[in-house]
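Below is one structure, written out as structure tokens; comments come after it.
The values are calculated or read from the model by the stated rules, or taken from the named source; none is laboratory data. Everything quoted here is computed from the prediction, not taken from an experiment. Here the Cβ positions follow ideal geometry from the backbone for every residue, glycine too, while neighbour counts run over all protein chains shown.
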């Protein structure tokens, strides 16, 4: 191949710019030109008023100095139209009109689904995993996860300080969608008393009782790490909680972190406060680990296309680069029971919730 495309799609992740830089620099060293599509798959559909809003020619100078920047210079977005085969077909037609022979898709699960669809339509694609959720099991880590983890750990350590000062329980909600990896790693790194994740059924009553036991045994403060999708595995339903705690403000099917804190305070009798870290976990400069991972995986992606190999996803296992069929990259269980048990063992209360 002599001309390839690249895009960043879905949620942004620290290290995406480092990945773009590696794609362009590696492509140029292989005498390949690069087209950068803006706003993910939306750019490939070319619906903007001017072509410069959809795609740009990229060279070594255009990616100079971006390796340490968060976000993505190509911008990113989700493209629901890519669920329609006619839109995928149009994207392939547009790419080939630009002379693009292969495409590197940087993102997570949804991005890989789009890449698989393009590959099936005749445009060779390579997936590079970039998501703070770390929910692609074929690879040990995804670009952005380490940075998001370090951001969460720093925030939790600060919350622990004020929790100790005020002798309170702190619920800290981290991102991750339906994957509990970020919550588990944060809990383990911070010595949290519990990690509440979507993969394991849990009871808010049991959690409140655990807090009560910790307080009466002398704990001044406690940290409970909640994954943002944790309510999906809660044993109690909201109607049941409304009946049990009629004085609390629970008006929605989806409970907020503050509402969880209210319930735990009511059960435990101990002051409980909630903090949602939110999008701060996606921002900021990537860690050294994420910059290196982005550079290595993206360089491998270019080399695969240079060898006319498509339909693969690049990743890392045990510090060794791997590539697998892109359809296999979206399969498999992301939850590691042993890791969950380790959080329970090293937390204050050894008896946790059953896996």
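Does segment 302-320 hold any residues that are in a loop (DSSP other than H, G, I, E, B) and touching a residue at least 60 places away in the same chain (Cβ under 8 Å), and which are they? 308, 309, 310, 311, 318 - these are the residues of segment 302-320 that are in a loop (DSSP other than H, G, I, E, B) and touching a residue at least 60 places away in the same chain (Cβ under 8 Å). The residues of segment 21-44 that are over 23 Å from residue 93 (Cα atoms) and in contact with a helix residue (DSSP H, G or I) (Cβ under 6 Å, 6 or more places away or on another chain), listed by number, are 21, 22, 26, 30.
In this structure, does residue 249 turn out to be in a loop (DSSP other than H, G, I, E, B), surrounded by fewer than 17 Cβ atoms within 10 Å (Cβ to Cβ) and over 25 Å from the mean Cα position of the chain (by Cα)? Spelling it out, residue 249 is indeed in a loop (DSSP other than H, G, I, E, B), surrounded by fewer than 17 Cβ atoms within 10 Å (Cβ to Cβ) and over 25 Å from the mean Cα position of the chain (by Cα). Considering segment 110-212, the qualifying strands (runs of 3 or more DSSP E), each wholly inside and each with 1 or more residues that are crowded, with 19+ Cβ neighbours inside 10 Å and under 16 Å from the mean Cα position of the chain (by Cα), run over 124-129, 169-174. Residues of segment 96-109 that are over 28 Å from residue 291 (Cβ atoms) and in a helix (DSSP H, G or I): 96, 97. Pick from 274, 266, 299: which is over 20 Å from residue 64 (Cα atoms), outside any loop (DSSP other than H, G, I, E, B) and touching a helix residue (DSSP H, G or I) at 6+ places or on another chain (Cβ under 6 Å)? Answer to the selection: 274. Contact map, segment 206-217: residues that are in the same structural domain as residue 168 (by TED's automatic domain parsing) paired with residues that are part of a helix (DSSP H, G or I) and surrounded by fewer than 19 Cβ atoms within 10 Å (Cβ to Cβ), Cβ distance under 8 Å, separation 6+ or inter-chain. Pairs shown: 208/266. Scanning segment 277-290 for residues being part of a helix (DSSP H, G or I) and surrounded by fewer than 19 Cβ atoms within 10 Å (Cβ to Cβ) gives a total of 5. Listed by position, the strands (runs of 3 or more DSSP E) contained in segment 1-66 that have at least 1 residues being free of Cβ contacts under 8 Å to residues at least 24 places away in the same chain and within 22 Å of residue 118 (Cα to Cα) are 55-58.
Taking the criterion of being modelled with pLDDT under 95 and under 22 Å from residue 110 (Cβ atoms), the only residue of segment 283-326 that qualifies is 283.
Filtering segment 40-49 to residues that are under 24 Å from the mean Cα position of the chain (by Cα) and more than 14 Å from residue 110 (Cβ to Cβ) leaves 43, 44. Looking at residue 293, is it touching a helix residue (DSSP H, G or I) at 6+ places or on another chain (Cβ under 6 Å) and either crowded, with 19+ Cβ neighbours inside 10 Å or more than 30 Å from residue 140 (Cβ to Cβ) (or both)? Answer is no for this residue. Of the residues making up segment 237-252, those that are under 21 Å from residue 201 (Cβ atoms) and out of contact with any helix residue (DSSP H, G or I) (no Cβ under 6 Å at 6 or more places or on another chain) number 8.
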